[in-house]
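Q: First the structure, which I've put down as structure tokens, then a few questions once you've had a look.
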Amino acid sequence: MSSIRFIHAADLHLDSPFKGMTGLPLEQLNRLRASTFTAFENLIDHACEASVDFVLFVGDIYDGEDRSLRAQLKFQEGMEKLAAANIPAFISYGNHDHLNGTWTRFELPSNVYVFDSDVSEAKLHVGGKDVFIYGFSYKERHVREAMIDRYPTADKEEAYHIGMLHGSLAGDGSHAVYAPFTKRELLAKRYDYWALGHIHLRQILHEDPPIVYPGNIQGRHRLESGVKGFYEVELTEVGASLVFIDTSALIFDHLDVSCVGVHHANEWLAACQEALRQIDRPCVVDLVMGDIDEDAFELFSQTSADEWLEVLREVVGESEPFRWIQSISFQQPVEQNSESGVLVQSVLHEMDDWTDTDWKDVLKEVYQHARTVKYLDVLTEEELTEIQEDATRILRAELSRLK
Ligand SMILES: [Mn+2]
């Protein structure tokens with residue numbers, strides 16, 4: 001029997017305003033503001049290239065209930081590209097783009113099927129097989145009714161059944177609860193796939209049959225971190241396979257920067273840049289300074305956090321891939337009176353008592369080594385002090401990491 005392949009996307013939030021973003025160079029701010037559109041274009045391009053059988057958009061296509069003209073125009077263009085590739089699209093509107101909003105109407109091409117405010121069924125024929133798709137659009141912003149009760153139970157064994165539902169698991173307190181459902185209720189419908197929307201974090205609630213939130217296609221702030229996209233789904237007689245496709249124009253993320261050994265501002269800048277290299281794509285990043293020992297603490301106390309941020313932004317510059325440092329935060333400095341602190345203190349105490357001869361004894365492996373000795377000058381008083389200071393710093397930092 002034949003298989004079907006489709007795209008499951010949700011929460012496009014086209015034309016999200018990125019209001020909180022300040023300080024970015026204009027070109028980059030524009031790039032950020034265009035990111036929901038770029039992600040959408042990536043999705044449409046993929047659909048056409050992969051030549052999928054159809055595409056599902058499970059609510060919140062638009063960010064605002066006025067469905068900005070620009071957003072509608074871009075969406076229209078996307079639907080026309082799908083039409084040209086003979087790919088049908090199915091839309092159910094969500095709480096953000098509910099039917100009761102006021103917007104300038106665009107007429108979508110005929111390959112697009114829009115679900116009304118009541119749960120209904122759309123039928124299509126793919127490769128000799130019937131596919132039934134069920135869904136509804138939000139008639140107003142707040143749909144608190146358990147719409148799941150209105151979905152029919154699948155009764156045709158030989159067909160594929162797919163449910164589109166923009167809503168939340170009953171009892172999930174992390175988001176506004178709309179059109180609540182339980183997994184048991186979804187499974188009772190005996191569908192082959194549940195295409196969910198509303199929650200922006202990608203998650204697979206159930207494997208077989210799949211009950212899936214694809215998450216949004218583009219992160220919009222620090223709480224929507226990491227790679228975003230959609231699922232390409234293949235349903236066969238024996239089950240489903242899902243492939244996640246990344247659409248993000250840029251990602252939001254946070255990075256931990258270890259401040260071990262950071263004594264001078266230039267070392268700090270180097271540590272930050274090193275950390276930033278972990279993300280090899282355009283990004284908006286929050287940097288979290290960790291492992292702050294006494295030296296690092298002293299260094300950071302000398303300048304305001306704003307100034308550190310400014311300097312770092314300047315150093316990172318506008319090089320490609322573009323990385324915007326959104327914020328710098330500092331973890332609590334490493335406590336010196338903890339257990340490891342006591343250990344450090346006792347070792348430091350010991351070191352304090354060392355004479356120059358003791359130090360030379362400690363360093364003799366280097367200074368008496370036949371190959372290295374010709375590169376080294378005789379140890380001076382200052383050098384010994386410096387070595388002592390460095391040893392103290394490294395020791396503190398290393399021991400504080402044991403916590
Ligand atoms: Mn949403």
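The values are calculated or read from the model by the stated rules, or taken from the named source; none is laboratory data. These figures come from a predicted structure and were not determined experimentally. Cβ atoms come from the backbone with ideal geometry, glycine included; neighbour counts cover every protein chain shown. Ligands, DNA and RNA are stripped out before the accessible areas are found, and what is left, the full protein with its side chains, is counted by its heavy atoms. Shrake-Rupley method; radii C 1.70, N 1.55, O 1.52, S 1.80 Å.
Q: Please list, ordered by chain and number, the residues whose modelled amide H lies under 5 Å from the amide H of Lys139; skip anything fewer than 5 residues away on the same chain.
A: For Lys139, the qualifying residues are Leu99.
Q: Counting only the heavy atoms of the protein chains, how much of Thr303 is accessible to a 1.4 Å probe, in Å² to the nearest 10?
A: Rounded to the nearest 10, that gives 40 Å².
Q: Counting only protein heavy atoms, what percent of the accessible surface of the range 210-260 is carbon or sulfur at a 1.4 Å probe?
A: Roughly 52 percent of what the probe reaches on the range 210-260 is carbon or sulfur.
Q: If you fit an axis through the alpha-carbon atoms of helix 339-352 and take the longest principal axis of the Cα set of the chain, what angle between them do you get, 0 to 90°, nearest 10?
A: The angle comes out near 30 degrees.
Q: Rounded to the nearest 5, what % of the DSSP beta bridges within the range 4-246 are antiparallel ones?
A: Counting only bridges with both partners in the range 4-246, antiparallel ones make up about 50 percent.
Q: Same structure again: Rounded to the nearest 0.05, what FRET efficiency do Ser110 and Met21 have when you use their Cβ-Cβ distance and R0 = 45 Å?
A: 0.70
Q: Then there's this: What nm distance separates the two modelled labels at Glu140 and Arg33, each placed 7 Å from Cα along Cα→Cβ?
A: Between Glu140 and Arg33, the label points sit 3.3 nm apart.
Q: Let me ask something else about it. If ligands, DNA and RNA are left out, what is the accessible area of Ser117 with a 1.4 Å probe, given in Å² to the nearest 10?
A: Here the accessible area works out near 40 Å².
Q: Compute for the range 251-330: radius of gyration divided by Kirkwood radius, i.e. Rg/Rh, restricted to C-alpha atoms, rounded to two decimals.
A: Expressed as Rg/Rh, it is 0.94.
Q: Largest first and to the nearest Å, give the Cα extent of the range 27-184 along each principal axis.
A: Projected onto the principal axes, the Cα atoms of the range 27-184 cover 52, 42, 26 Å.
Q: I would also like to ask the following. Between Asp246, Asp390, Asp293, find the one with the highest GNM mean-square fluctuation for the chain; connect C-alpha pairs within less than 10 Å.
A: Asp390
Q: Ok, one more. How many nm separate the modelled label positions at Val288 and Gln332, each set 7 Å beyond the Cα in the direction of the Cβ?
A: Between Val288 and Gln332, the label points sit 1.4 nm apart.
Q: Using 7 Å Cα-to-Cβ label points, what is the Lys81/Thr303 separation (nm, one decimal)?
A: 4.3 nm
Q: Residue by residue through the range 19-30, what is 3J(HN,Hα) from phi via Karplus (6.51 cos²θ - 1.76 cosθ + 1.60, θ = phi - 60°)? Round to whole Hz and write x for glycine and proline.
A: Listing the rounded values in order: 4, x, 7, 10, x, 5, x, 3, 4, 6, 5, 5 Hz.
Q: With a 1.4 Å probe and all protein chains kept in place, how do His125, His221 rank by accessible area, largest first?
A: His125, His221
Q: Give the accessible surface of the range 4-246 per residue, rounded to a whole number of Å², with probe radius 1.4 Å and ligands, DNA and RNA excluded.
A: 43 Å²
Q: How high is the FRET efficiency between Asp256 and Glu314 when r is their beta carbon distance and R₀ equals 25 Å, given to the nearest 0.05?
A: That gives a FRET efficiency of 0.70.
Q: Out of His46, His369, His13, any idea which swings most in a Gaussian network model of the chain, alpha carbons joined below 10 Å?
A: With Cα springs under 10 Å in the chain, the top fluctuation among His46, His369, His13 is at His369.
Q: Rounded to whole Å, give me the distance from the Cα center of the range 49-120 to that of the range 236-256.
A: That distance is 21 Å.
Q: Can I ask one more? For the chain, what does the relative contact order come out to in percent, with C-alpha contacts under 8 Å and a separation of six or more?
A: 13 percent
Q: Per residue Cα convex hull volume for the chain, in cubic angstrom?
A: 207 Å³
Q: Also, I was wondering about something else. Once amide H atoms are built 1.01 Å from N in the peptide plane, which residues 5 or more positions from Gln326, or in another chain, come under 5 Å H to H?
A: Val285, Asp286, Leu287
Q: Return the calculated 222 nm mean residue ellipticity for the chain, to the nearest 500 deg cm²/dmol, obtained by summing -39500 (n - 2.57) across DSSP H runs with n ≥ 4 and dividing by the residue count.
A: After summing the helix terms and dividing by the residues of the chain, the value is -9500 deg cm²/dmol.
Q: My understanding is that a pair violates if its Cα-Cα distance is over 30 Å; which of Lys74/Lys156; Lys129/Lys183; Lys19/Lys183; Lys19/Lys228 do that in this structure?
A: Lys74/Lys156; Lys19/Lys183
Q: Grab the Cα-Cα distance for Ala50 and Val177, subtract it from 0.36 nm times how many residues apart they are, and report the gain in nm with one decimal.
A: Result: 42.2 nm gained on full extension.
Q: Leaving out ligands, DNA and RNA but keeping every protein chain, what accessible area does Leu223 have, in Å² rounded to the nearest 10, with a 1.4 Å probe?
A: 150 Å²
Q: Can you sort His349, His161 by 1.4 Å-probe accessible area, starting with the largest?
A: His349, His161
Q: Still on this structure: Sequence neighbours fewer than 8 away in the same chain don't count; with that in mind, list the aspartates and glutamates whose C-alpha is under 16 Å from Lys189.
A: By straight Cα distance, Lys189 reaches Glu121, Asp149, Asp155, Glu157, Glu158, Glu207, Asp208.
Q: Give me the base-10 log of I(q)/I(0) for the range 102-239 at each q in 0.13 Å⁻¹, Debye formula, one uniform scatterer per Cα, rounded to two decimals.
A: The Debye formula, applied to the Cα set alone, gives -0.63.
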